[in-house]
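Step one of this worksheet: look at the structure below.
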Amino acid sequence: ASMRALYAVMSGSHVEEDKLAHITYEIPKTLQEAKEALSPYLDKKVITCDIETTGLTWTKDRIITVSFADSTSTAVCIAIPLLGEKSFGLLKNFLKAFYDRGGSIVFHNGVFDVPFIVYNCFMKDLDDYKGMLDGVNTFRLDDTIIMAYLCLNSTERPVLGLKDLAFSEFGDWDLSIDQSKLEHYPIDEVCRYNAIDCMATMYLYEKYNELLVTEEQYELYDSYYRKTMLAMIKLKMTGLTLDKLKVDEAYEKLDEIVESAIVKLQDYPKVLELRA
């Protein structure tokens, strides 16, 4: 296939393939349309989810869009600027039931997305610890970035970004978008971008879920990594309490270990031989 593509390019007969010709996505304009569009997803065993935000900080930045996909070609994108804050507020209870529907919700790097969703849909304010726990524990998570890590892990440190991993199937769908400035783009462009992210995540899920089974790594992923995700999200949202005195003691011990190792290394016969 590679040689055929090279021949086509060199001979001038190459025709650029539209990798996105098969996709469709829905953008509800009202609260009722949003509920009707999302309702069929409640019974799906596996769906993907992705959000776009005004920034990277879940405590102060806003969600612009949230999308769901049940295949590599169809998705629904909820655009908060189109619905309005009031309608989105009314949609939150529906979304809470949606996340708690029993099936798997797949993210690509869910440690980023889930805190935004939990804070916006489950918590009254930053001090609502119970709401945070209830929200995080609601999710039955899968994460394609971890699945890909297990399947591709090597000493070469493979790239695990969504766009890189799904490029062969979806091409450069983000080429015209600066993700750090999404709030300045027309909302339909952001919706398209977000919807394709979801479909691409489904593509990775299907690919690496099968590979995990083939490589006999699924049990490790399911019993360890999947559970760790929830703990990492809670840790991200609450922080980690440290005892400064104990940390200082640990640094002192580590310094002693390093100094001892340096002395041993410098006295190693081969090192002494090279220094002579």
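The values are calculated or read from the model by the stated rules, or taken from the named source; none is laboratory data. Source: prediction; values computed, not measured. Cβ placement follows ideal geometry from the backbone for every residue including glycine, while neighbour counts extend to all protein chains displayed. Quick note on the areas: whole protein, heavy atoms, side chains included, nothing else; ligands and nucleic acids left out. Shrake-Rupley method; radii C 1.70, N 1.55, O 1.52, S 1.80 Å.
Tyr41 fulfils the conditions (1) at pLDDT 95 or above; (2) more than 22 Å from Met132 (Cα to Cα); (3) surrounded by fewer than 20 Cβ atoms within 10 Å (Cβ to Cβ); (4) in contact with an Asp or Glu (Cβ under 7 Å, 6 or more places away or on another chain) except for a single criterion, (1). Pairing each residue of the stretch 145-170 that is without any contact (Cβ under 8 Å) to a residue 40 or more places away in the chain with any residue that is assigned to a loop (DSSP other than H, G, I, E, B), provided the two are 6+ apart or on different chains, yields C-beta distances under 7 Å for Ile145/His108; Ile145/Asn109; Ile145/Leu160; Tyr149/Leu160; Leu152/Pro158; Lys163/Asp174. For first residues located in the stretch 107-126 and more than 13 Å from Lys236 (Cα to Cα), partners that are of a type in the set (Lys, Arg) and surrounded by fewer than 23 Cβ atoms within 10 Å (Cβ to Cβ) and lie 6+ apart or on another chain with Cβ distances below 8 Å form the pairs Asn120/Lys92; Cys121/Lys92; Cys121/Lys96; Phe122/Lys96.
Inspect the stretch 42-53 for any residue being of a type in the set (S, T, N, Q), farther than 24 Å from Tyr225 by Cβ and either in contact (Cβ under 8 Å) with a residue 12 or more places away in the chain or in contact with a strand residue (DSSP E or B) (Cβ under 7 Å, 6 or more places away or on another chain) (or both) and give the result as yes or no. Within the stretch 42-53, one or more residues are of a type in the set (S, T, N, Q), farther than 24 Å from Tyr225 by Cβ and either in contact (Cβ under 8 Å) with a residue 12 or more places away in the chain or in contact with a strand residue (DSSP E or B) (Cβ under 7 Å, 6 or more places away or on another chain) (or both).
Taking the criterion of being surrounded by 17 or more Cβ atoms within 10 Å (Cβ to Cβ) and more than 23 Å from Thr72 (Cα to Cα), no residue of the stretch 97-109 qualifies.
Scanning the stretch 56-78 for residues that are closer than 13 Å to Ala37 by Cα, over 15 Å from the mean Cα position of the chain (by Cα) and part of a strand (DSSP E or B) yields Thr74, Ala75, Val76, Cys77, Ile78.
Of the numbered criteria (1) closer than 30 Å to Ala37 by Cα; (2) of a type outside the set (Gly, Ala, Ser); (3) in contact with a helix residue (DSSP H, G or I) (Cβ under 6 Å, 6 or more places away or on another chain); (4) not in a loop (DSSP other than H, G, I, E, B), the one Met232 fails is (1).
Within the stretch 203-217, residues that are on the phi < 0 side of the Ramachandran plot and among the hydrophobic types (A, V, I, L, M, F, W, C) sit with their Cβ atoms under 7 Å from residues that are outside any helix (DSSP H, G or I) and surrounded by 17 or more Cβ atoms within 10 Å (Cβ to Cβ), at 6+ positions apart or across chains, in these pairs: Leu204/His108; Leu204/Ala166. Checked against the criteria, Ile177 does not count as of a type in the set (Val, Ile, Thr), crowded, with 19+ Cβ neighbours inside 10 Å and closer than 26 Å to Thr59 by Cβ. Restricting the first member to the stretch 185-197 and to residues that are buried (at least 21 other Cβ atoms within 10 Å of the Cβ), and the second to residues that are among the hydrophobic types (A, V, I, L, M, F, W, C) and in a helix (DSSP H, G or I), the beta-carbon pairs closer than 7 Å and six or more apart or on different chains are Val190/Leu182; Ile196/Phe170; Asp197/Leu162.
Checked against (1) open to solvent by 30 Å² or more (accessible area, probe 1.4 Å); (2) touching a residue at least 60 places away in the same chain (Cβ under 8 Å); (3) hydrophobic (A, V, I, L, M, F, W, C), Leu56 passes all but a single condition, namely (2).
The requirement of being loosely packed, with under 15 Cβ neighbours inside 10 Å and of a type in the set (S, T, N, Q) is satisfied by Thr155.
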